[in-house]
Structure formats: C-alpha cells, structure tokens
Amino acid sequence: MTDVIFREREGEIVALFPELPCDINPRHCKSYIKGKGWATGKPEGNMNDRLATLAEYLPLKAELEEMGYELEVMSSIHAKHLMSRTNMIHNEKLKKSGNYIETIHDGLRTLTARVERRQTKETDPEHYTDMALLTVVNQNFTNLLVTLGEEQGKGR
C-alpha cells in the first residue's frame, strides 16, 4: 500500500505521496495533479489548501489505481514519512557515490550547521523539520557504524 494525502489547492485536487521523495530535498515529496502529471509537493501542504473531500478526490484516486497504485488514504503526515523519504534519498546517493559513510556524514554536517544557525529561531517551522531530519540522519549514521563494527567483529 502507498500512503497518499489528497488536498484541494486552487480548484485542483493534488495527490501527495508523503513517503516518496521527488528530488534530493527530504522536505519534498512526489505529487500528482490530474491533467498535469507528476510534480514536487510539500507533504504538509500549503497555507492555501485543505484536505479534499471523498467526492473531490475519488476520480483522481481511481486514475492512480488504474496506474497500478494500491492507495492508503491518509489525512496527515507522520514521522515515518519523513524517515522513508530521507532513507530513500540516502540510498540513492549511496548507489551514485558508492560511499555510504561519507554520504551520511555530509548530510549530518549540513543539517547540524543548518540547525545551529536556527537555534534562536524556534518559531521558524523549518527549525523543527531540520531537527527531525538531523535525528533521522544521526540514527542512520549510528546504525551504520554499529553494523560496520559488528561486521568487523565477525571477520576476526
């Protein structure tokens, strides 16, 4: 099942896929607009949009299901969505770079610097997004180091 959030924005119904990244920015997710196709979306939505009603999103849901999607309609995003996008992005970077440790470490340095610049701006909504990303990247890095340590221990 693929999580989806249907939102109404300026008269159009948008399907947001909160688990699926669309680029290298973990704040963005894949979205689909009937008649326009795939686009970049913000899973939390925008100020000028709202959740779509069942009657509004049913035609778009049917179109996506015809494409092969098995959809789980959600009304809000969850931390697991951000973690999923971040992990997919890091895995894609690994395929391209071949150096997972360096990729995670770069992400960790970038996010740490970003969070440090915003420490006094806790009213900035991106402060909390960066904190969540920093937590996910830190956890990935820690997990990798533990795994590498276990593999080295097995090799002895």
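Taking amide H as placed 1.01 Å from N in the peptide plane, Glu44 has no amide H partner under 5 Å among residues 5 or more places away or on another chain.
Only bridges whose two residues both fall in the stretch 2-73 count here: according to DSSP, what percent of them are antiparallel, nearest 5?
If I count the DSSP bridges inside the stretch 2-73, around 85 percent turn out antiparallel.
Computed 3J(HN,Hα) for the stretch 18-32, one whole-Hz value per residue from the Karplus formula 6.51 cos²θ - 1.76 cosθ + 1.60 where θ = phi - 60°, is x, 8, 9, x, 10, 7, 7, 8, x, 6, 9, 10, 6, 9, 9, glycine and proline marked x. Coupling constants for the stretch 3-15 follow from the phi torsions by the Karplus curve (6.51 cos²θ - 1.76 cosθ + 1.60, θ = phi - 60°), and in residue order they are 5, 9, 10, 9, 10, 9, 9, 6, x, 10, 9, 10, 9 Hz; glycine and proline get x. For Met74, the residues whose modelled amide H falls within less than 5 Å of its own, excluding neighbours fewer than 5 places apart on the same chain, are Val4, Ile5, Phe6.
For the pair Glu65 and Thr2 in one chain, pulling the backbone fully straight at 0.36 nm per residue adds 21.6 nm over the alpha carbon distance.
What shape does the stretch 2-73 have by the C-alpha gyration tensor, where a ≥ b ≥ c are the square roots of the eigenvalues, rounded means a/c under 1.5, and otherwise prolate means a/b greater than b/c and oblate the rest?
oblate
Laboratory data are not the source of any read-out in this text; all were calculated from the coordinates shown. These numbers were taken from a predicted model, which means no experiment stands behind them.
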